[in-house]
1. Select, from L272, L267, L261, L289, the only residue that is modelled with pLDDT of 95 or more, aliphatic (A, V, I, L, M) and surrounded by fewer than 14 Cβ atoms within 10 Å (Cβ to Cβ).
2. Scan segment 103-131 residue by residue and report those that are of a type in the set (V, I, T) and farther than 12 Å from I92 by Cβ.
3. From the residues in segment 371-394 that are free of Cβ contacts under 8 Å to residues at least 40 places away in the same chain and surrounded by 14 or more Cβ atoms within 10 Å (Cβ to Cβ), which one is nearest to R297 (Cα to Cα)?
4. Do you know which of the residues in segment 334-345 that are more than 7 Å from the ligand (Cβ to nearest atom) and surrounded by 14 or more Cβ atoms within 10 Å (Cβ to Cβ) is farthest from S230 (Cα to Cα)?
5. Please go through segment 169-216 and pick out each residue that is closer than 15 Å to S230 by Cα and in contact with a helix residue (DSSP H, G or I) (Cβ under 6 Å, 6 or more places away or on another chain).
6. Mind checking which residues of segment 100-130 are surrounded by fewer than 16 Cβ atoms within 10 Å (Cβ to Cβ), within 44 Å of the chain's Cα centre (by Cα) and not in a helix (DSSP H, G or I)?
7. Write out, first by first residue and then by second, each pair whose Cβ atoms fall under 7 Å of each other, whose residues are 6+ apart or on separate chains, and whose first residue, in segment 212-236, is modelled with pLDDT under 80 and surrounded by 15 or more Cβ atoms within 10 Å (Cβ to Cβ) while the second is hydrophobic (A, V, I, L, M, F, W, C) and part of a helix (DSSP H, G or I).
8. Within segment 284-309, track down each residue that is of a type in the set (G, A, S) and either within 15 Å of the ligand (Cβ to nearest atom) or touching a His at 6+ places or on another chain (Cβ under 9 Å) (or both).
Amino acid sequence: MTAAYHAPMTGTSVIVNVDDNETARSKRTRILREAGFVVYDAGSGEDTLAKVAAHQPDLVLLDVHLPAIRGIEVCRWLKSSPANAPVLVLQISPPATSAPEAITAFNSGADSYLVEPVDPAVLIATVRGLLRLRAAERELADANAALREVNLQFERLNKELQRSNDDLQQFAFVASHDLREPLRTVRTFVQVIQTTLQDRFTDEERKCFSYVINAADRMDRLIDDVLSYSQVGHNHRDKHAAMDLGYAVYSATESLKESILESKAELVISPLPRIKGDASQLGNVFQNLISNAINYRSKDRPVKIEIHAVEVADGGSWMVSVRDNGIGIEERYHEQIFKPFKRLHGQSIPGTGIGLALCRRVIEMHEGRIWLESTPGAGSEFFFTLPAARIESA
Ligand code: ADP
């Protein structure tokens, strides 16, 4: 919804001028018309109500001492009807009116109050001031209504997003379970055939069988990775807590112990901060980045992986980096490799192409950013930001 714009009420505003004294009323009507207002006269309470109903004025200039019915009563009637509530009432009373009566005027709903004799310039300034105030009130009310609408839409979208996220997660969970079932059957029977017929295989058949087993293993890894990817959802934010980032690195290196030993990778880990996050998901991020550093190593030199963290100038977050001395990545791929299934090196190096997509999803769920710098042939450095652990959450 867009906010309706009310032009500031100036010359075109409509006024009902109420006074039982015809001379005084005509004089005021002339002053108001000269100031550019559209003015209708009323000489009694009933006449006032009829004119208000007919002309929907912006303001009623009301003499409080009307015959038969007091101006204050007219004011009450006007303000008690929801249709007339936005109509401004400026009361004018004789000089003898005492202070308590002025208070009664305000209590009956008058928006302002002038005492006879009223200077024409003061009258015009008061009327314009009241109209400006009302225009500002309306604009504020419109802005508030628009804001409420935007908030409602935002809430609706958020709920839809949450629902579709949950659906996706549920779908990935069920699909991966159902995919694993036939895969398990294939593997079991391939193994049975392999053990019983192995001796009779020709070299060609043995090679074919190893392709089948490799494909089944790869399918298994893909299912695992798609499942992990789908599980990094919004509903995991409540698991974010103050934690030592060093612990996430430790759990990653524990899981990668064998490949670290086998590749003789040297790991240089600087002191790491306490941050706010999900320990298990951040462990996955380090596991992916470290295993990539090992997988995409250079044949010319021993693997060296360095992990550092520096506090970002605002003090509210940390920038973490994982640097390797591997084969590097051309700049044109720096964005693409964060997309699911995007791989640059074919099946010569095994992988599913999900690792960096998962890293980006995890870091974004931590309200951070992930990117890289790289020199092909010399190595890559992946950077990401994470929120610092605040004192109260530490
Ligand atoms: P995977 O390693 O399973 O293929 P990733 O999403 O982790 O999937 O990485 C996507 C691609 O980005 C990899 O296939 C590889 O080509 C490239 N890549 C990732 N990390 C590195 C790295 N440290 N050095 C060189 N290339 C990398």
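1. Numbers: L272 fails: surrounded by fewer than 14 Cβ atoms within 10 Å (Cβ to Cβ); L267 fails: surrounded by fewer than 14 Cβ atoms within 10 Å (Cβ to Cβ); L289 fails: surrounded by fewer than 14 Cβ atoms within 10 Å (Cβ to Cβ).
After ruling out the rest, the residue left standing is L261.
2. Within segment 103-131, the first condition is being of a type in the set (V, I, T), and the residues that meet it are 103-104, 115, 118, 122, 124, 126-127.
Passing the criteria: I103, T104, I124.
3. Kept after step one, since they are free of Cβ contacts under 8 Å to residues at least 40 places away in the same chain, are these residues of segment 371-394: 371, 373, 391-392.
If we keep only those that are surrounded by 14 or more Cβ atoms within 10 Å (Cβ to Cβ) too, we end up with 371, 373.
Details: W371: 19, E373: 16 Å.
Applying the filter and picking the extreme gives E373.
4. The initial filter retains those residues of segment 334-345 that are more than 7 Å from the ligand (Cβ to nearest atom), namely 334-336, 338-341.
Right, trim to surrounded by 14 or more Cβ atoms within 10 Å (Cβ to Cβ) and you get 334, 338, 340.
Values: H334: 23, F338: 15, P340: 11 Å.
That would be H334.
5. Looking only at segment 169-216, we keep the residues that are closer than 15 Å to S230 by Cα, and these are 169-177.
Within segment 169-216, Q169, A172, S176 qualify.
6. Across segment 100-130, there are no qualifying residues.
7. Within 7 Å, the pairs are H236/M365.
8. Restricting attention to segment 284-309, the residues satisfying the condition of being of a type in the set (G, A, S) are 291, 293, 298, 309.
Scanning segment 284-309 gives S291, A293, S298.
The values are calculated or read from the model by the stated rules, or taken from the named source; none is laboratory data. Note that this is a predicted model, so its numbers are computed, not measured. All Cβ positions, even for glycine, are placed from backbone atoms using ideal geometry, and neighbour counts span all protein chains on display.
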